[in-house]
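What follows is a short report on a single structure.
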4 protein chains.
Amino acid sequence: MDDWVQPADPAPEPRSVATRFGPDPQRLDEFARLLAGSRDPALVFGPGVDRSGGWASAVALAERLAAPVWSAPAPERAAFPEDHPHFRGVLPFAIGPLAETLSGHDTVLVVGAPVFRYYPYVPGEHLPPGTRLLHVTDDPDEIARAPVGDSLLGDPGLTLSALLDLVPQADRTPPTPRATPAAPEVTAPLSADALFAALAAHWPADGVLVQESPSNLTALRRQLRISRPASYFTMASGGLGYGLPAAVGVALAERDTGRGRPVVAVIGDGSFHYSVQALWTAARLSLPVVVVVPVNQQYAILKAFAELKKTPGVPGLDLPGLDITAIAAGYGCATEVVETPDQLGAALAAGLRANRPTVLPVPISTDVPSIL
Amino acid sequence: MDDWVQPADPAPEPRSVATRFGPDPQRLDEFARLLAGSRDPALVFGPGVDRSGGWASAVALAERLAAPVWSAPAPERAAFPEDHPHFRGVLPFAIGPLAETLSGHDTVLVVGAPVFRYYPYVPGEHLPPGTRLLHVTDDPDEIARAPVGDSLLGDPGLTLSALLDLVPQADRTPPTPRATPAAPEVTAPLSADALFAALAAHWPADGVLVQESPSNLTALRRQLRISRPASYFTMASGGLGYGLPAAVGVALAERDTGRGRPVVAVIGDGSFHYSVQALWTAARLSLPVVVVVPVNQQYAILKAFAELKKTPGVPGLDLPGLDITAIAAGYGCATEVVETPDQLGAALAAGLRANRPTVLPVPISTDVPSIL
Amino acid sequence: MDDWVQPADPAPEPRSVATRFGPDPQRLDEFARLLAGSRDPALVFGPGVDRSGGWASAVALAERLAAPVWSAPAPERAAFPEDHPHFRGVLPFAIGPLAETLSGHDTVLVVGAPVFRYYPYVPGEHLPPGTRLLHVTDDPDEIARAPVGDSLLGDPGLTLSALLDLVPQADRTPPTPRATPAAPEVTAPLSADALFAALAAHWPADGVLVQESPSNLTALRRQLRISRPASYFTMASGGLGYGLPAAVGVALAERDTGRGRPVVAVIGDGSFHYSVQALWTAARLSLPVVVVVPVNQQYAILKAFAELKKTPGVPGLDLPGLDITAIAAGYGCATEVVETPDQLGAALAAGLRANRPTVLPVPISTDVPSIL
Amino acid sequence: MDDWVQPADPAPEPRSVATRFGPDPQRLDEFARLLAGSRDPALVFGPGVDRSGGWASAVALAERLAAPVWSAPAPERAAFPEDHPHFRGVLPFAIGPLAETLSGHDTVLVVGAPVFRYYPYVPGEHLPPGTRLLHVTDDPDEIARAPVGDSLLGDPGLTLSALLDLVPQADRTPPTPRATPAAPEVTAPLSADALFAALAAHWPADGVLVQESPSNLTALRRQLRISRPASYFTMASGGLGYGLPAAVGVALAERDTGRGRPVVAVIGDGSFHYSVQALWTAARLSLPVVVVVPVNQQYAILKAFAELKKTPGVPGLDLPGLDITAIAAGYGCATEVVETPDQLGAALAAGLRANRPTVLPVPISTDVPSIL
């Protein structure tokens, strides 16, 4: 019954392989000339910019071109400092509204994103009339799928850096900064905006946000502006179940690499259960991750979708009877129900100092936000 | 934004299609002649017999041939009354031991199962020397994969029924019944055998068992004998995460069809978490399913596997710190920790009368059983 | 450099597996009752009847039901004696015309064929209004794809034979025989009909026909009626390149099995070139196959298709400058250009007595026949 | 029956997409430093160099490094002037012999090829001991499959050109030129070497060679040295049937682009038949392609393989009875059997001036060359 065979040969030496590649210089020249000659260019930066370490080049290019910057729609990473005066927000993830947002720009440069990631179908043209789209990505499949635009295949960071060598300083008034969001009213229960305004107020300087709360995402991104690289993570597209284990993994990486940044997750009370078992791993590993759970007891993004599609009253979208406190405790987490901004600040600070995960359910308003 | 299109045509009329097919009569004749002429045939019945409604024919054939009956290895259903005097138990799921078990039989008829489902690799011949294997299944892929034997393609129930028309009564002493299992000692915590002896003692007459507790499976099947069709369900092969939602689904079907049989699940404390969210569905639907959770705080089947492979001490196989009571309560279940046989009887009876799911964690011995 | 490893173990004993299966008896009963109670049933037999040795049962069922018989559309085998008084011909391979052909029959039984194989798209209902379709096949994929009808899964031959045990003799006037085709006029060059009338006149008693001449198929089947099992072969559907090597393979099988039937192929002058190399194999093996090549120097079936679709003048459909005589001789065949019926008779007789393949190009009229 | 639907929208504007990409500058620097610091580097250029227009850069790099150059094994294109003093020939397509050939070089740079394409299995190490391999390709799958070496992902031409900016001139004696092949003896029938020496002697200045004659390939490449880009085409790996239609396609492209280079194919008398129908296309298009067919009436490469594997006498490898002249004429080609060098020269010149294809069968010695 000795059925185990020793491998005869030693393992071969590890090979190293390139993990990135640069742009075709000729096509890069064309893109640079088109940008330099553009009357009013717009920039759209996507997750590939963050993955390739391209924040500094992205900022430099935006300033060189005096151009407004949007985030690509439904991004799984942040690609640009959201408190930068050029930043205009995240593009809508629907055909018609996205094109309207870009209206008036003769050239749009998209870097490190698909063209484009849409969620609800809202008819329209893919681009405003007369707008030219230039596309930079290191994913040939994204190029093959793009319905409009001319594409360049290359690492986003390398390509941005190479563009900077070719594009002259624009002589054009830079965009005016966005307004700071008005302080939301504090109600009981809290609105999503009030919750996230409180989160922003108590946000740790170098915090990492992992989120999976689709219906609250607009409020979250309105209130909490990401300003550092590699600080925002969510799923690409809309598959639920990624956020909670991702937060545990990020917290583990921050601790084990010694980088030590605090990690905060915002996970909807529906999303929370897809991979709830990840909490046990966090507890066994004594990870100080804080999980804020906005509790609206419903599958609100689908209710919002149903409203857009004029099919209200879809059954099966209510989620009552889930005792998040008991479940989180059952998997070994500290837990506290949070109802006010101050309570959130205290609980957040305590959780980030703890040697185990903390789950903070926060009852919020059950108003269903618009999907767009 | 009116982007919903009415279908132009009415739905076509539903078609009906055959869902079963019978044996080739010529091959059936050959099989019947080989069985009739066999000196000492053995019968192996598998899940396909249960799926095709073939219990009565299986019993009749066993008695006609005066032959011993085994269950196919690692079955996802029971195919024969396990308290019948001809029943010998479940075949081992390893090559060598399985062939040894069948030693001495000149013919083996396998119906409604692959040839064979193995789990640990234990070398040996697939059959004892000189043994002929006849194989009946309605799955051509099972035929293609079988390493030994001659195969007949046909619905197991139809084929058994057709065989009965062709096989004469054997003039041979029928097998002696198996011994009743000795009553296990009651310890604290309970052994797996003592737990399942108690479960058997309090088993409801027409109960349905859904199980997913691999390391305790041998003890469970030793103590609790399935005697009715469509009363035992588990995953085919060893993929975890099926048992708990399957139990909820069976309970829903029993209630909604009006058949009304009581449903008891035995789910290991590791298996429990794969699809733990199913408990919420059971609670929302007010299903009276009882989930018995043998708690040994480890991934015991892999420890048993590691011992067979002489690689003890594999890391990551302990499962401490899981508060099953809190988690089950968090999803809306009644729950009670059970420590004695009597307590199990009372809790089981109460749970089956309740209008919601009941989870019963039972601490058991942490001894690791042998995998074979 | 001794890199060849001897196999350690002897080859395992060969296994035998069932290659056919019977009908579900319950569904068979339903079909039998529906047929027995039908006012005016029609039978459609397909290639599966021939493959499963079901000609005798097919004839007996047609006579039992006093029902007309069609061949399924675009069949790769003949399934019924085409000189039988019940035989009505091959169904059209287009939706609307096929349903029109079956008009008036309350029940249609299709055995051993897909429901249905279509080629050009001609709109219409799949069945006449009020007609019920019963479908017998041993191919579950054919069942899954059928747009209409109720299906039974079973070997066509076994199922026909089992139906005969259940269906009583109908008390109904049997169909009148088809008219014999009028003798076509002999022109120069020959029309396709005149060529095939000559072929029929000189056809060897137990000849096997392999054909691949799509545009001439209607004329061929009109003039030459297949009356014995396993005597007609072509590709299923319309993929060219099968016919010539198939004829060589059939000729080899007839010789090597000792069955010794004469083999005649009819291969269009376009089809001829797809796998022209097969001629060399026939020559090397000294096979007495005769290949009749109707030469119209065009891809006529696509011209017919283009006419149906009202897109005449499609380029690339003419095939001039192909010297079939030279090419066939280059691969080792006897060859003779045939221009008259008598010449065909003599050349055919000589070719079937020869010890090598014979290719007979026959210039025919370039009129493009209708596709339907 | 009006079943054609007009497209509602005009076709979208065509998009342009990048078809090449450059190297990661950091990895390029590492490669440049390793090459600059190498004691005795070797260069292996493959088809990707030709495809990416990199001949000039390849020559410049070879001279910069004073390094010997091999062709990658079994290339489908030529990547370097084979009459250049640095060129050493084509690497053997077997593991052991290939490594032996590179013995003594501390660094091997492979550009535009897999590492490596092997045909017969001859055991050995993939590289000489202590040799480092650097690999440049634009095919990530080639990188994933390579058993040894460090890989850079980038267009071969762009990468060679970028390397030239980074690698200094080596202070090292350049390799000595290869000897000119001795003039082979002229026999009757001709040897393969004598045939190809004659072909080389009469080769048109800017001729394009398309070949598919595996057993004669070594002799062909020994006698006829490719010295210009985009002038040699064959199949990648060993799939037969590509050469003859490829030659027709190249000839069509040369004529229709106005580039007008003469095209000569060398197609073995076995390979000739795989896609023999291509000759008709060439004839219909009046293309002046010349097809030289070395006729040895056998499948010689497999005989050579059988000898390497010590399994002589494999049946089915003789190819008698193929009248290439008749077949080529049947498809509309001019044709002449060639038996002497002078006759080849005259026939080649005439064929390249003709307005149709010419096929020149040349009986050659039936000696089977070694596969390595």
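Are there trypsin sites (Lys or Arg not before Pro) in region B:144-185 that DSSP puts in a loop and that have at most 13 other Cβ atoms within 10 Å, and which ones?
Sites meeting the loop and neighbour criteria: B:R172.
Taking every protein chain into account, the accessible area of region B:192-363 amounts to 37 square angstrom per residue (probe 1.4 Å). Nearest 10 degrees is fine. How inclined is helix D:192-201 to the longest principal axis of chain D, computing both from alpha carbons? Once rounded, one gets 80 degrees. Maximal additional length on extending the C:Q297-C:R15 stretch stands at 96.4 nm, based on 0.36 nm per residue less the C-alpha distance.
In nanometres and ascending order, the distances from the A:G238 label point to those of the other copies are 3.9, 4.2, 5.3 (point 7 Å from Cα along Cα→Cβ).
Dividing the mean sequence gap of close Cα pairs (under 8 Å, 6+ apart) by how many residues chain D holds gives a relative contact order of 16 percent. Against the empirical 2.2 N^0.38 Å (N residues), the protein assembly as shown has a Cα radius of gyration ratio of 1.12.
In nanometers and ordered shortest first, the copy-to-copy spacing of the B:E125 label point, defined 7 Å from Cα toward Cβ, is 4.7, 6.5, 8.0.
How about region A:304-341: which of its residues lose at least 40 Å² of accessible area in the presence of all protein chains relative to their chain isolated, using a 1.4 Å probe? When all protein chains are present, A:P320, A:I327, A:G330, A:Y331 each give up 40 Å² or more of accessible surface.
What number, rounded to the nearest 500 deg cm²/dmol, is the helix-based mean residue ellipticity at 222 nm of chain B, given -39500 (n - 2.57) per DSSP H run of at least four residues and division by all its residues?
For chain B, the value works out to -9000 deg cm²/dmol.
In region D:192-363, what percentage of the DSSP-assigned beta bridges are antiparallel, given to the nearest 5? If I count the DSSP bridges inside region D:192-363, around 5 percent turn out antiparallel. Within the same chain, lysines fewer than 8 places from C:K303 are excluded, and of the rest, none has a Cα less than 21 Å from its Cα.
Taken residue by residue and averaged, Cβ atoms of other chains lying within 10 Å of the Cβ of A:145-157 number 3. For D:A42, the residues whose amide H sits under 5 Å from its own are D:T107, D:V108, D:L109, ignoring neighbours fewer than 5 places away on the same chain, with H placed 1.01 Å from N.
Between copies, the label points at D:D256 (set 7 angstrom from Cα along Cα-to-Cβ) are spaced 4.3, 5.8, 6.1 nm, reported in nanometres from shortest to longest.
The relative contact order of region D:25-164, computed from alpha carbon pairs under 8 Å that lie at least 6 residues apart in sequence, is 28 percent.
Interface between chains A and B: roughly 2000 Å² of accessible area buried, both sides summed (probe 1.4 Å, protein heavy atoms only). In degrees between 0 and 90, to the nearest 10, how far off the longest principal axis of chain C does helix C:25-36 point, with axes built from Cα atoms? Helix C:25-36 and the main axis of chain C meet at about 90 degrees. Among beta bridges from DSSP that stay inside the protein assembly as shown, the antiparallel ones total about 5%.
Compute the distance from the alpha-carbon center of region D:30-105 to that of region C:29-49, in whole Å. Cα centroid of region D:30-105 versus Cα centroid of region C:29-49: 73 Å apart. Across D:P204, D:P229, D:P114, mean-square fluctuation computed from a Gaussian network of chain D (C-alpha pairs under 10 Å connected) peaks at D:P204.
The convex hull defined by the C-alpha atoms of chain C has an orientation-averaged projected area of 24.2 nm². Across region C:117-204, Cα-Cα pairs farther apart than 17 Å form 74% of the total.
Compared with the dominant Cα axis of chain B, that is its longest principal axis, helix B:341-353 is turned about 90°.
The loop-placed trypsin sites (Lys or Arg not before Pro) in region A:305-372, going by DSSP, that have at most 11 neighbouring Cβ atoms within 10 Å of their Cβ come out as A:K310.
When DSSP beta bridges are restricted to pairs lying wholly in chain C, around 5% turn out antiparallel. Coordinate range of the alpha-carbon atoms in region A:25-164 per principal axis, descending: 36, 30, 28 Å. For region D:192-363, the share of accessible area belonging to carbon and sulfur comes to 56 percent (1.4 Å probe, ligands and nucleic acids excluded). Under a model in which nothing but the beta-carbon of Lys, Arg (+1) and Asp, Glu (-1) is charged, chain A shows a dipole of about 540 debye around its Cα centre. Loop-located GluC sites (Glu not before Pro) in region D:108-198 (DSSP state other than H, G, I, E, B) with a sparse environment of at most 16 neighbouring Cβ atoms within 10 Å: D:E125, D:E185.
The values are calculated or read from the model by the stated rules, or taken from the named source; none is laboratory data. Computed from a predicted structure; not experimentally measured. Reconstructed Cβ throughout: ideal geometry from the backbone, glycine too, with neighbour counts over all protein chains shown. Surface areas here come from the heavy atoms of the whole protein model, side chains and all, with no ligands, DNA or RNA. Shrake-Rupley method; radii C 1.70, N 1.55, O 1.52, S 1.80 Å.
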